[in-house]
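Trainee: Pasting in a structure now, in structure tokens, and then I'll have a few things to ask.
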Amino acid sequence: MRRIYLDNSATTKISEAALKRYVDSSVEYFANPSSLHSLGADAEREIKAVRGRVLSSLGMREGGVIFTASGSEANNLAIFGRAYAKERYKKGAKIITTEGEHASVTEPLERLKSEGFKIAYIPTVGGVIDLERLREELTGDTVLVTMMLVNNETGALYDIAAVARLVHSLSPEALVHVDATQGYMKLPINARTLGADMITLSSHKIHGPKGVGALYVGSDVLKSRGLSPIIHGGGQEMGLRSGTENVPAILAFGTAVEEGVRELAESSKKMNEMRDYLIEKLTRVEALAEISPTLPPSHAPHILNVTLPSIKSETMLHYLSGEGIFVSSGSACSSNAPHVSRALVAYGRSEREADCSIRISLSRETTGEEIDALCDALASGLKRLARIR
């Protein structure tokens with residue numbers, strides 16, 4: 001049976017080089033990096049090298065890279081770590097986000113809301129952040145603005161630089177946190193150009209192993225103690241994330257970063273071409289005419305969300321899976337939840353449309369033949385499932 005994988009926003013296949021690095025370092029650098037002997041120092045040195053590589057990939061020479069167990073943990077560290085950084089924040093400080101964020105942002109914020117924090121949600125209709133609404137919400141008690149760079153379901157690329165300029169001019173005490181897990185190694189990212197104080201990254205989204213993420217933290221935040229740990233213990237990771245580092249995963253993450261930087265321009269160009277080819281086929285092939293692509297004005301190269309004609313996404317997903325083609329009905333982190341996609345509704349889709357939408361996410365390995373196979377399967381699926389409907 002064929003296996004065409006088009007769910008790369010959920011996770012990517014680990015590269016051969018990253019896998020080799022993981023296996024080799026499991027043997028060579030098995031020691032605890034906190035140990036004082038030479039084996040521990042060797043492991044610590046390798047982690048430090050990856051830290052520098054990640055910093056460099058964000059266009060930075062200074063700042064901290066805090067390794068976590070996932071992008072979700074990095075988001076939690078940014079949000080809770082900022083909220084609890086100063087005692088006075090607990091008396092009703094304000095945090096601003098968008099209406100279509102990942103659950104690893106919205107759930108922590110709902111928790112903070114129950115503790116007395118004020119949470120404001122900014123509209124993103126049509127895949128564009130409402131900057132005027134943001135301007136209205138920015139007040140003197142705002143301590144954090146947390147927004148994703150690329151929406152994980154619609155592929156919308158948000159103007160974070162414009163957000164950061166507003167935040168830093170109107171609410172100087174506020175930090176800007178960017179969840180860049182869907183944009184990292186798909187688009188060039190420069191922390192200074194973005195104006196971001198903190199940036200979340202994830203290894204398994206860039207052909208690295210699962211079980212490791214990172215939070216970039218700007219030098220000013222570190223110096224001012226603007227972030228507090230949420231996991232306490234041995235004080236690893238600059239005192240911001242206790243627990244023995246996952247050395248093999250971190251080193252393999254570093255290899256994936258190295259590959260990603262080297263291939264970024266070419267892979268981004270290829271994914272854009274494959275996305276454009278898919279859109280062309282959806283609009284040109286008569287059997288696919290009823291499918292409605294979600295097309296934000298500014299977008300990442302690898303994500304296309306499409307709405308089916310009155311066929312539930314789950315139904316089409318299972319049909320395609322039976323044909324050896326693997327896509328998604330939304331965020332993998334909430335695929336078992338019974339609610340309609342927050343991101344698609346925030347974009348402007350109706351709840352009915354959101355319930356009939358699938359996400360197709362490409363990688364640098366996606367081919368035109370795979371896009372052809374997907375379109376053929378979609379056409380046959382529409383015909384067969386329409387009869388059942």
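The values are calculated or read from the model by the stated rules, or taken from the named source; none is laboratory data. What you are looking at is a predicted structure, and each value in this text was computed from that prediction instead of being measured. When we count neighbours, we look across all protein chains shown, and the Cβ atoms used for this are built from the backbone with ideal geometry, even at glycine.
Trainee: Select the strands (runs of 3 or more DSSP E) contained entirely in segment 30-129, then report the ones holding at least 1 residues which are of a type in the set (Lys, Arg) and surrounded by fewer than 17 Cβ atoms within 10 Å (Cβ to Cβ). It would help to see each step written out before you state the result.
Mentor: On the way: elements: 64-68, 94-98, 118-122.
Once the strands (runs of 3 or more DSSP E) in segment 30-129 are filtered for at least 1 residues that are of a type in the set (Lys, Arg) and surrounded by fewer than 17 Cβ atoms within 10 Å (Cβ to Cβ), what remains is 118-122.
Yes or no, residue by residue, for (1) of a type in the set (S, T, N, Q); (2) modelled with pLDDT under 95; (3) under 18 Å from Gly368 (Cβ atoms); (4) in a helix (DSSP H, G or I):
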position	(1), (2), (3), (4)
Ile279	no, no, yes, yes
Leu304	no, no, yes, no
Gly330	no, yes, no, no
His339	no, yes, no, no
Val345	no, no, no, yes
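Trainee: Find the residue count for segment 314-327, including only residues that are within 15 Å of Leu6 (Cβ to Cβ), surrounded by fewer than 22 Cβ atoms within 10 Å (Cβ to Cβ) and either touching a Ser or Thr at 6+ places or on another chain (Cβ under 9 Å) or modelled with pLDDT under 95 (or both).
Mentor: Here the count works out to 3.
Trainee: Return the pair list, or none, for Cβ contacts closer than 7 Å from residues in segment 8-37 that are within 25 Å of Ser72 (Cα to Cα) to residues that are among the aliphatic types (A, V, I, L, M) and assigned to a loop (DSSP other than H, G, I, E, B), at least 6 apart or on different chains.
Mentor: As it stands, the answer is Asn8/Leu362; Thr12/Ile206, since those pairs meet every condition given.
Trainee: Please enumerate the residues belonging to segment 244-259 that are over 17 Å from Asp24 (Cα atoms) and buried (at least 21 other Cβ atoms within 10 Å of the Cβ).
Mentor: Val257
Trainee: Oh, and also: Restricting to segment 149-177, what's the tally of residues that are crowded, with 24+ Cβ neighbours inside 10 Å and either among the hydroxyl-bearing types (Ser, Thr, Tyr) or over 12 Å from Ile96 (Cα atoms) (or both)?
Mentor: So the answer is 9.
Trainee: Step by step: first the residues of segment 355-389, then only those that are over 25 Å from Pro301 (Cβ atoms) and surrounded by 16 or more Cβ atoms within 10 Å (Cβ to Cβ), then the one that is modelled with the lowest pLDDT. Which residue is that? Talk me through it step by step, then tell me what you get.
Mentor: Taking segment 355-389 and keeping what is over 25 Å from Pro301 (Cβ atoms), we get 355, 380-389.
Among the residues that remain, those that are also surrounded by 16 or more Cβ atoms within 10 Å (Cβ to Cβ) are: 355, 381-382, 385.
Details: Asp355: 95, Gly381: 96, Leu382: 95, Leu385: 88.
Checked segment 355-389; the qualifying residue modelled with the lowest pLDDT is Leu385.
Trainee: Turning to a different aspect of this structure: Filter segment 122-152 down to the residues that are touching a Ser or Thr at 6+ places or on another chain (Cβ under 6 Å) and on the phi < 0 side of the Ramachandran plot and list them by number. Walk me through it before giving the result.
Mentor: Taking segment 122-152 as the starting set, the residues that turn out to be touching a Ser or Thr at 6+ places or on another chain (Cβ under 6 Å) are 122, 124, 127, 138, 142, 146-147, 152.
Selection gives Ile122, Thr124, Leu138, Thr142, Thr146, Met147, Asn152.
Trainee: Looking only at segment 196-225, which residues are farther than 23 Å from Lys269 by Cβ and touching a strand residue (DSSP E or B) at 6+ places or on another chain (Cβ under 6 Å)?
Mentor: If the condition is that a residue be farther than 23 Å from Lys269 by Cβ and touching a strand residue (DSSP E or B) at 6+ places or on another chain (Cβ under 6 Å), then Ala196, Asp197, Met198, Ile199, Thr200, Gly213, Ala214, Leu215, Tyr216, Val217, Leu222 are the ones that fit.
Trainee: Kindly indicate which of Glu137, Glu173 is of a type in the set (Asp, Glu), out of contact with any helix residue (DSSP H, G or I) (no Cβ under 8 Å at 6 or more places or on another chain), without any contact (Cβ under 8 Å) to a residue 60 or more places away in the chain and under 26 Å from Ser341 (Cα atoms). If you could, list the steps in order and put the result at the bottom.
Mentor: Details: Glu173 fails: under 26 Å from Ser341 (Cα atoms).
Being of a type in the set (Asp, Glu), out of contact with any helix residue (DSSP H, G or I) (no Cβ under 8 Å at 6 or more places or on another chain), without any contact (Cβ under 8 Å) to a residue 60 or more places away in the chain and under 26 Å from Ser341 (Cα atoms) holds for just one of Glu137, Glu173, which is Glu137.
Residue by residue, here is whether (1) within 30 Å of Leu362 (Cα to Cα); (2) at pLDDT 95 or above; (3) in a loop (DSSP other than H, G, I, E, B) holds:
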{"position": "Leu134", "(1), (2), (3)": "no, yes, no"}
{"position": "Ala161", "(1), (2), (3)": "yes, yes, no"}
{"position": "Val167", "(1), (2), (3)": "no, yes, no"}
{"position": "Ile189", "(1), (2), (3)": "yes, yes, yes"}
{"position": "Arg192", "(1), (2), (3)": "yes, yes, no"}
{"position": "Thr200", "(1), (2), (3)": "yes, yes, no"}
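Trainee: What number of residues within segment 140-154 satisfy the criterion of being out of contact with any helix residue (DSSP H, G or I) (no Cβ under 8 Å at 6 or more places or on another chain) and within 29 Å of Thr11 (Cα to Cα)? I'd like the intermediate steps shown before the answer.
Mentor: Step one: of segment 140-154, the residues out of contact with any helix residue (DSSP H, G or I) (no Cβ under 8 Å at 6 or more places or on another chain) are 140-141, 150.
Filter again for within 29 Å of Thr11 (Cα to Cα), leaving 150.
Qualifying residue count, segment 140-154: 1.
Yes/no matrix, rows are residues, columns are (1) in contact (Cβ under 8 Å) with a residue 60 or more places away in the chain; (2) under 28 Å from Val23 (Cα atoms):
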| residue | (1), (2) |
| --- | --- |
| Asp220 | no, no |
| Ser242 | no, yes |
| Glu245 | yes, yes |
| Ser267 | yes, yes |
| Val285 | yes, no |
